[in-house]
Every structure is written in structure tokens, then in C-alpha cells.
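The values are calculated or read from the model by the stated rules, or taken from the named source; none is laboratory data. From a predicted model like this one, the values you see are computed outputs, not experimental measurements. Heads up, the Cβs are rebuilt from the backbone with ideal geometry, glycines too, and the neighbour counts pull from every protein chain shown. Accessible surface is based on the protein model in full, side chains and every heavy atom, while ligands, DNA and RNA are left aside. Shrake-Rupley method; radii C 1.70, N 1.55, O 1.52, S 1.80 Å.
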Amino acid sequence: MAKIVVVTSGKGGVGKTTTSASFATGLALRGYKTVVIDFDIGLRNLDLIMGCERRVVYDFVNVISGDATLHQALIKDKNCDNLFILAASQTKDKDALSEEGVQKVLDDLAKDFDYIVCDSPAGIEKGAFMALYFADEALVVTNPEVSSVRDSDRILGILSSKSRRAVDGKEKVKEHLVITRYNPDRVEAGDMLSIQDIQDILRIPVLGVIPESKDVLQASNTGTPAINLKGTNVSEAYTDLVARFLGEDKPMRYTTAEKKGLLKRLFGGN
Amino acid sequence: MPMTPPVKINLASFDYYILKLSPDATAEQIYDKLVHLRKLDAFGRYLVIEFDGKTNPEKQTEIIKLIKVNAEKLMFELKFILANEFALMKNIADIPVVELSLNLKSTPVSSPALRIEEPIRSGIKIENDGDIVILNLVSHNAEIISGGNIHVYGDARGRLVAGRYGDKSARIFVQKFNPELISIAGIYKALDEKLPEHLLNKPAQVFLDDKDRLNVVAL
């Protein structure tokens, strides 16, 4: 039976889609058959980040409405054999997502896949609700600033009260915290919340801390999941995150400010 | 306006709910009280009506008829009416009147306390007519509303409302005090300024003093 993992946050622009793309790619690279679904109907982005924008013929809504089969709509990733993408529709709106429709698609996917990663839209409206409703586990993405953390808290509340597991009285959705755009120097300077501050508010285990980096923007622009930018700290951080998700013990990296030497302090540089 | 909490008495093998009424109770107030009673105990079927103060017979009859209609809708059985020594009738609207001096032992309905072990997240509202005990954090913008006391054994950062039905003896006990709002029996205070060092995130209790002022005291 496939495990359904939602990547959610409440707030927009914190890195849900970037995390979904890298997380799904990471699982696939570890040999798990993975599908990543874009729930942001009307504002689709996942296909851009995954670099398969021009290969989208049929989308998630077409499958729900019966205009296309899953087989037709699933897009195979160009780099990784185990990874498939189900794009969102750009022309419909979120009302196209019905509970029965989404459930049917997830049930069908569950037969073939090990992991189903649901990339949630921002907000707490229907799209976000549908993305988290069926989840077994959740990656809650947050930036080190107060409003993002507050919105994540709200999403955690919805996960624990309105998800299917909560409604059915089953074991609760397993929650993981993913902190993105973390900059240890700015934390030290007091401009950003520290990991400790965030955990103090949210009280859920941290699965990964992704450093703030120019590489993420470059990855988006070139349609490559950040985890595939070999040698960058973002790629390493996402690889660690996936390993921890799969139960491995990896120490956190890129979370402490670099001690700058005299030369570096004199001549700057990053 | 806060309602007085319903009262439960134990007679023989049945629990009776006493509905305390002021002589000028309106139809809505009566209905609200009945609905509230129904929420407290989905199986309680017996109802006793008690009049506070003097009521003239016509007014009594009118009110009782009103209750009868509503009680049937909500599946309550009206057993008898408790009246004070000025009660003039042997029965009202076919329901027997019993003198209040019968000295029935009555206790306020003790709704069971609600214990919660999960964190209370932003946007979540927890309500209970009895005490509420929370063994975890209460996030910003979460609401805890209790008919009795509130105990929070984690960080309390949300809104804490105790004694919602007007119980002025209700208190709030907190392990790490930093709530946005505190209220007891409808008297509230928004804590928008930084708390003094001896209270901030420290164990504290909140209670009403004899002049109905909210007091926050370190524990």
C-alpha cells in the first residue's frame, strides 16, 4: 500500500513546491516508485520546477473528470525512471477537486506506487484541504519568520482535526517539520528565528533544514529539482532529509554560522 | 449575560436536572437552558423546575406550558416543580408542585473534566462545560473555553476563558504563562503588553477577587 505524504505550509512562497519536487525525486532516487501530484489547480508550478511543462497534455482534473486515464496523464520524469508527475490544470479552478474524485485517483495510484507526494497549494481553502485530507504523513514547510510559523501551526491544527485520519479516529497523521531558507548568519544576527525558536512554537520533530541559497532559484528557472544540483548544499540538505524520512540517522548540516577567518572578514565574500 | 449552570440532584435511582428559573425568564432563555441541559447529558430524561423568588400563578402556568412544549421536543420528562414557600398551587399545567423546603440535596452539575494531551494549534477551539486540563501547549490564536477551571501544563499562548456560565470562583492555572487573553465569568483582559518578568512563561494562576477584578499571581 502506498504512503501518502502531503507537503503543506499554510503560507505561500515558503518552498512547498521546491520541497515536493526534491523530496519526490529523492525518494525515487532511493528506488521507491514515487508520484508527485500538483494540487494547486489554476496556478500550476510543479511541472515547471520538474522541467516537464511542455509535456503536460492531460492533467489531474482531466483524470478526475474522466476525460483521460491515469496512464495518459502521468508524466515520466526525464532523469529518474521511478518518478512520475501528475500536473495540475491551469484552466480550471479548485472546485474541480471533489473528495470522491481525488480519492479514486489516489486509490488507483496506490496500487502501483510506493509513495504519493501531494504538493499542496497555499492557504486553507479547498485545494489545500484536499491535498492534506488523505495524508498518512505530512511535511510542514516553514520559513524562519513569525507569520510562516504561525500559518504552519494553523495547518498542523487542521491536520490533527480535519484530515481523514482525524475524522476516522485513526492514528494521527505523522508530522515532520521542514525549515527552508534558513540562514545561520542571519539567525545569529537576530534577524531570523532559530530552529530552537521554531520548534518551541510548533513542537514537532525537524526532518530537515534547507539553507537559503541562490541555487534554489537557479534550479527553478532551469526546471531541475534542487536535489539534482549535485555538490550544492541545498542538494545535500534535501538528500539528508530524504534519508531521515526513510529512518536513517543523519546529523543536521548547514545550521550553524560559519566562523569567518580574518581574511574573509577583511575581504568579504560569502 | 452569563447563564447560571444547571443543577443536578440525585433522588432514588434517577438523576434529575433542576431548571432554575427567574420569574421573568423569556421563552428564548428557557429554550437555551434546555438545549444546554440536553448537551450535558444526552440520556437525562427527568427535569425539575425551580422558581427563584415570587412568581404569580398565571405567569408560572405560562412558563411551565412553554417549558412543557420545549421539553417534549428535546425528550425531557417533566417530573415535578420545586417552588418556594409562596407556591400557591398543588399543580401547574398538570405537573405536581413540591415545596422547596423539602430540602433536596442538590449539587451543581459536574460535567466531566476534559483532558487533552495533544497540542492545541492556532485556530482550534476547545470547549467544555466542566474543567479543561491540557497537558501540552496552547498556541497563539487557539481558544480554550471552560465552564469551570482551566489547567494548562504546557506553554499557554492562546485565549483562556474560564467560568463561561458565570462561575466567579473558576480559576486558570498555567505552567508557562503567556496567554493573549484571560477571562473568568465574562470579565476579561487582553494581555497585549509584555508581561513582567516574574510572570512571563512562569507558573501562574488567575482568579477574580471580591471586587471582581482579575488577578494574576505567580505560583
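A few notes on this one:
- Verdict on B:ASP192 being closer than 30 Å to A:ILE158 by Cβ and either open to solvent by 70 Å² or more (accessible area, probe 1.4 Å) or at pLDDT 95 or above (or both): yes
- When segment A:74-84 is filtered for residues that are closer than 14 Å to A:LEU106 by Cα and buried (at least 22 other Cβ atoms within 10 Å of the Cβ), only A:PHE84 remains.
- For segment B:204-215, residues that are within 15 Å of B:LEU160 (Cα to Cα) and either open to solvent by 80 Å² or more (accessible area, probe 1.4 Å) or touching a Phe, Trp or Tyr at 6+ places or on another chain (Cβ under 7 Å) (or both) total 3.
- Residue tally, condition surrounded by 24 or more Cβ atoms within 10 Å (Cβ to Cβ) and not in a helix (DSSP H, G or I), over segment A:121-137: 2
- Candidate set from segment A:145-161 (those that are surrounded by fewer than 20 Cβ atoms within 10 Å (Cβ to Cβ) and more than 10 Å from every other protein chain (Cβ to nearest Cβ)); member that is nearest to A:GLU125 (Cα to Cα): A:SER147
- Meets criteria (at positive phi and within 14 Å of chain A (Cβ to nearest Cβ)) for B:GLY158: no
- Pairs with Cβ under 7 Å, 6+ apart, first in segment A:241-254 and over 12 Å from A:GLY208 (Cα atoms), second open to solvent by 70 Å² or more (accessible area, probe 1.4 Å): A:LEU246/A:ARG30
- Taking the criterion of being open to solvent by less than 10 Å² (accessible area, probe 1.4 Å), in contact with a Ser or Thr (Cβ under 9 Å, 6 or more places away or on another chain) and within 14 Å of another protein chain (Cβ to nearest Cβ), the residues of segment B:132-154 that qualify are B:SER139, B:ALA142.
- Which listed residue is more than 14 Å from chain B (Cβ to nearest Cβ), within 22 Å of A:GLY247 (Cα to Cα), among the β-branched types (Val, Ile, Thr) and in contact with a strand residue (DSSP E or B) (Cβ under 7 Å, 6 or more places away or on another chain), from A:VAL206, A:VAL173: A:VAL206
- Within segment A:22-55, tally of residues that are open to solvent by 10 Å² or more (accessible area, probe 1.4 Å), within 23 Å of A:GLY123 (Cβ to Cβ) and among the aliphatic types (A, V, I, L, M): 3
- Lone qualifier among A:ASP197, A:ASP153, A:ASP168 - being more than 23 Å from A:PHE129 (Cα to Cα) and of a type in the set (Asp, Glu): A:ASP197
- A:GLY268 over 18 Å from A:THR19 (Cα atoms), open to solvent by less than 40 Å² (accessible area, probe 1.4 Å), at pLDDT below 95 and of a type outside the set (Asp, Glu): yes
- Search result, residues across segment B:113-146 that are basic (Lys, Arg) and in a strand (DSSP E or B): B:ARG115, B:LYS125
- A:ILE116 vs. criteria in contact with a Cys (Cβ under 8 Å, 6 or more places away or on another chain) and away from chain B (no Cβ under 14 Å): no
- Any chance A:VAL149 is modelled with pLDDT of 95 or more and part of a helix (DSSP H, G or I): yes
- Some residue of segment B:157-165 being part of a loop (DSSP other than H, G, I, E, B) and of a type in the set (Gly, Ala, Ser): yes
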